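The values are calculated or read from the model by the stated rules, or taken from the named source; none is laboratory data. This is a predicted model, so every value here is computed, not measured. Don't worry about glycine lacking a Cβ; one is built from the backbone with ideal geometry, like all the others, and counts go over all protein chains shown.
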Amino acid sequence: MLQPKPLPEVLSRLRLPVVGAPLFIVSNPKLVIAQCKAGIVGSFPALNPRPQSQLDEWIHEITEALAGHDRDHPDRPSAPFAVNQIVHRSNDRFEADMQTCAKWKVPIVITSLGAREDLNHAVHDWGGITLHDIIDDRYARKAIEKGADGIIAVAAGAGGHAGRWSPFALVQEIRRWFDGPLLLSGAIANGRAVLAAQAMGADLAYIGSPFIATPEARASEEYKQGIVDASAADIVNSALFTGIHGNYLRASIVAAGMDPDNLPPPGPNAMNFESASGAKAWRDIWGSGQGIGAVDAVVPAASLVDRLAREYDEAKAALCG
């Protein structure tokens, strides 16, 4: 296994080695700002602000809020933020969104569903870095070949479009040939798991589902409570809702009038799924990872980061002791 190189400066000044994953629909400026002020990378999908012109407003709001925080707290500066770009050809906003990111010189761009050399070159030209999410070693190699700076290894148990590989297998295969920034995603929901990710060879943990159960998140109260009430046994893996296998809360599938234990295969219009009762995947079927058994209340994002940091330090002290 290769020894990881030092992290790029933009990822090295975090309070905790954590990146808040971009959550479709759910992530918004309030959540990102709270995450960054608490000392971890906050992120959001470029497609969340609608119409496209609102992306400029969101980045402006985040940039101004973090600059103000840094002026008031020079001893405790904010962490950088990231924007997630969907590189798939179905994203007709890609070029316009990239122009907006270039205008603001977004420090970190997370890419999904495809790797593009031109995107990586563009981000490097304005001084940013790129992290590409993958589900297996083959896609990881392609991402680095096309110029990505780092890899987000999405293992089994992650929310949304999760991978199927064990995190142990995924990290150990990537670390055989790659010594750059490596993030691990998949059921990481407490500080001990963050430390475990590092122990197996990752640099940072990539955490999404626990941040749904925060006041800042743009999710319904029912969705937030669903995260609090559920555990790993309540997560259903299916390709029905988007055509790609993902993990979802069982309660939301039931509420949409379907049997979670007898879901059909995806149809030809899976990307535009709508159930017989009118439930839409993007609105009514709630993505979630298997780690939510560690979430027992809706708490502010800063309080969640505080808990993760405390658990991380306690776990490190216990192991070292």
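Is it the case that Ala102 is part of a helix (DSSP H, G or I), assigned by TED's automatic domain parsing to the domain that holds Gly160 and surrounded by 18 or more Cβ atoms within 10 Å (Cβ to Cβ)?
Spelling it out, it is not the case that Ala102 is part of a helix (DSSP H, G or I), assigned by TED's automatic domain parsing to the domain that holds Gly160 and surrounded by 18 or more Cβ atoms within 10 Å (Cβ to Cβ).
Restricting attention to segment 79-99, which residues are assigned to a strand (DSSP E or B) and within 16 Å of Arg50 (Cβ to Cβ)?
Within segment 79-99, Val83, Asn84, Gln85, Ile86 qualify.
Looking only at segment 126-142, count how many residues are of a type in the set (A, V, I, L, M, F, W, C), in contact with a Leu (Cβ under 9 Å, 6 or more places away or on another chain) and without any contact (Cβ under 8 Å) to a residue 40 or more places away in the chain.
Within segment 126-142, residues that are of a type in the set (A, V, I, L, M, F, W, C), in contact with a Leu (Cβ under 9 Å, 6 or more places away or on another chain) and without any contact (Cβ under 8 Å) to a residue 40 or more places away in the chain number 3.
Starting from residues that are farther than 19 Å from Thr100 by Cβ and touching a helix residue (DSSP H, G or I) at 6+ places or on another chain (Cβ under 9 Å), keep the ones in segment 13-24 and report whichever is surrounded by the most Cβ atoms within 10 Å (Cβ to Cβ).
Ala21
Output the residues belonging to segment 277-296 that are polar (S, T, N, Q) and at pLDDT 95 or above.
Residues satisfying the conditions are Ser288, Gln290.
A quick yes/no check of all residues on (1) in a strand (DSSP E or B); (2) buried (at least 21 other Cβ atoms within 10 Å of the Cβ); (3) of a type in the set (D, E, K, R); (4) in the same structural domain as Phe94 (by TED's automatic domain parsing):
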site: Arg141; (1), (2), (3), (4): no, no, yes, yes
site: Ile151; (1), (2), (3), (4): yes, yes, no, yes
site: Ala156; (1), (2), (3), (4): no, no, no, yes
site: Ala162; (1), (2), (3), (4): no, yes, no, yes
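Could you identify the single residue in Tyr206, Tyr248 that is at pLDDT 95 or above, among the aromatic types (Phe, Trp, Tyr), in the same structural domain as Ile174 (by TED's automatic domain parsing) and crowded, with 17+ Cβ neighbours inside 10 Å?
Tyr206
Scanning for something assigned to a loop (DSSP other than H, G, I, E, B), buried (at least 18 other Cβ atoms within 10 Å of the Cβ) and either of a type in the set (Ser, Thr, Tyr) or more than 14 Å from the chain's Cα centre (by Cα) (or both), does segment 25-35 turn up at least one residue?
Yes.
Name the residues in segment 126-139 that are farther than 19 Å from Leu204 by Cβ and in a loop (DSSP other than H, G, I, E, B), would you?
Scanning segment 126-139 gives Trp126, Gly127, Asp136.
Any chance segment 212-222 includes a residue that's part of a helix (DSSP H, G or I), on the phi < 0 side of the Ramachandran plot and either surrounded by fewer than 22 Cβ atoms within 10 Å (Cβ to Cβ) or among the basic types (Lys, Arg) (or both)?
Yes: segment 212-222 contains one or more residues that are part of a helix (DSSP H, G or I), on the phi < 0 side of the Ramachandran plot and either surrounded by fewer than 22 Cβ atoms within 10 Å (Cβ to Cβ) or among the basic types (Lys, Arg) (or both).
Taking only segment 225-245 into account, find how many residues are assigned to a helix (DSSP H, G or I), of a type outside the set (Val, Ile, Thr) and either buried (at least 21 other Cβ atoms within 10 Å of the Cβ) or within 17 Å of the chain's Cα centre (by Cα) (or both).
Selection size over segment 225-245: 1.
State all residues of segment 105-120 that are more than 17 Å from Trp58 (Cβ to Cβ) and either β-branched (Val, Ile, Thr) or part of a helix (DSSP H, G or I) (or both); if no residue qualifies, say none.
Hits for segment 105-120 are Thr111, Glu117, Asp118, Leu119, Asn120.
Exactly one condition in (1) assigned to a loop (DSSP other than H, G, I, E, B); (2) crowded, with 18+ Cβ neighbours inside 10 Å; (3) without any contact (Cβ under 8 Å) to a residue 24 or more places away in the chain is false for Val123; which is it?
Going through (1) assigned to a loop (DSSP other than H, G, I, E, B); (2) crowded, with 18+ Cβ neighbours inside 10 Å; (3) without any contact (Cβ under 8 Å) to a residue 24 or more places away in the chain one by one, Val123 breaks only (1).
Working only within segment 175-202, note down all residues that are more than 19 Å from the chain's Cα centre (by Cα) and part of a helix (DSSP H, G or I).
Once the filter is applied, which keeps residues that are more than 19 Å from the chain's Cα centre (by Cα) and part of a helix (DSSP H, G or I), segment 175-202 yields only Ala199.
Taking segment 99-115 as the search range and keeping residues that are closer than 13 Å to Ile86 by Cα and out of contact with any helix residue (DSSP H, G or I) (no Cβ under 9 Å at 6 or more places or on another chain), which one is modelled with the highest pLDDT?
Selected residue: Ile110.
Taking segment 39-55, which residues are out of contact with any Gly (no Cβ under 9 Å at 6 or more places or on another chain) and either assigned to a loop (DSSP other than H, G, I, E, B) or in contact (Cβ under 8 Å) with a residue 60 or more places away in the chain (or both)?
Selection gives Gly39, Ala46, Leu47, Asn48, Pro49, Arg50, Pro51, Gln52, Ser53.
What is the residue count in segment 74-95 for residues that are surrounded by 13 or more Cβ atoms within 10 Å (Cβ to Cβ) and either out of contact with any His (no Cβ under 9 Å at 6 or more places or on another chain) or over 18 Å from Pro29 (Cα atoms) (or both)?
Looking only at that region, the number is 12.
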